[in-house]
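Contents: one structure, followed by commentary.
The values are calculated or read from the model by the stated rules, or taken from the named source; none is laboratory data. Since we're looking at a predicted model, the values are computed, not measured. Positions of Cβ are generated from backbone atoms using ideal geometry, with glycine treated the same way; all protein chains shown enter the neighbour counts. The protein model used for the area step is the full one, side chains on, heavy atoms only, and it has no ligands, DNA or RNA in it. Shrake-Rupley method; radii C 1.70, N 1.55, O 1.52, S 1.80 Å.
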Amino acid sequence: MGRKSIKDNKNIYQLAREEAGLTRIQASAETYLSESVIEKIEYGNTKPDPDAVVAMAKAYRKPELCNYYCSHECAIGDAYVPEVKISALSEIVLHMLASLNSLEKQKERLIEITVDGQVTPDELADFAKIQKMLNRISMSADAMRLWLEKSMASGSVDAEELQRLLDEEE
């Protein structure tokens, strides 16, 4: 078994591997990455490519690595993908419901603003407020998806049964 790293300032990829209880040798066996590539990624000497991040996320059972990569290391994702933090399902649902309730109160105003297909200067402040609510709902949905992926990766949610249920026609 390899030595345990005592390096300070470990990056997210090294922390994820260590939390999974894997050495670099074991991680290499579970991904297509060589030990030296894993080491270079962990020491920040090279940036991982998306396929490497997907492989590490799967091997380490850390789907949040993909969101981290997209929101921090990918130029497109940096501009368009917000970082999603893992939290408890109850917290995610409460945030989502609070945002949905706020939006429900603004539904009529949104219709008034958008009925003519444009947002006029006098409507912009209300439109921005509604857009913020929509962003919070989107973040809650992303957090719930990430929670679900993590739960499936850990085995606490049956991924096959969930997929079967999702595939059923309504």
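Applying a threshold of 6 Å to beta carbon distances and a minimum spacing of six or more residues, or different chains, the list of pairs starting in the range 156-170 at a residue that is assigned to a loop (DSSP other than H, G, I, E, B) and ending at one that is open to solvent by less than 90 Å² (accessible area, probe 1.4 Å) and of a type outside the set (Phe, Trp, Tyr) reads 157/151. Applying the condition of being touching a helix residue (DSSP H, G or I) at 6+ places or on another chain (Cβ under 9 Å) and outside any helix (DSSP H, G or I) to the range 119-135 and asking which residue is surrounded by the fewest Cβ atoms within 10 Å (Cβ to Cβ) yields 120.
Considering only residues that are in contact with a Ser or Thr (Cβ under 7 Å, 6 or more places away or on another chain) and among the β-branched types (Val, Ile, Thr), which ones fall in the range 116-161? Once the filter is applied, which keeps residues that are in contact with a Ser or Thr (Cβ under 7 Å, 6 or more places away or on another chain) and among the β-branched types (Val, Ile, Thr), the range 116-161 yields 137, 157. Taking residue 111 as the residue in question, decide whether it is open to solvent by less than 40 Å² (accessible area, probe 1.4 Å) and free of Cβ contacts under 8 Å to residues at least 40 places away in the same chain. No. Taken over the range 115-170, the criterion of being hydroxyl-bearing (Ser, Thr, Tyr) and closer than 21 Å to residue 91 by Cα is satisfied by 138, 140, 151, 154, 156.
Being within 18 Å of residue 145 (Cβ to Cβ), surrounded by fewer than 16 Cβ atoms within 10 Å (Cβ to Cβ) and of a type in the set (Asp, Glu) is not true of residue 73. Within the range 136-149, residues that are open to solvent by 60 Å² or more (accessible area, probe 1.4 Å) have Cβ atoms under 6 Å from residues that are of a type in the set (Gly, Ala, Ser) in these pairs: 136/99, counting only partners at least 6 apart in sequence or on another chain.
Please determine whether any residue of the range 83-92 is small (Gly, Ala, Ser), over 16 Å from residue 12 (Cβ atoms) and open to solvent by 40 Å² or more (accessible area, probe 1.4 Å). Yes - at least one qualifying residue is present in the range 83-92. Could you please tell me which pairs satisfy a Cβ distance under 6 Å, a separation of 6+ or placement on different chains, a first residue in the range 9-30 that is within 19 Å of residue 83 (Cα to Cα) and modelled with pLDDT under 95, and a second residue that is in a helix (DSSP H, G or I) and open to solvent by 50 Å² or more (accessible area, probe 1.4 Å)? Filtered contacts from the range 9-30: no entries.
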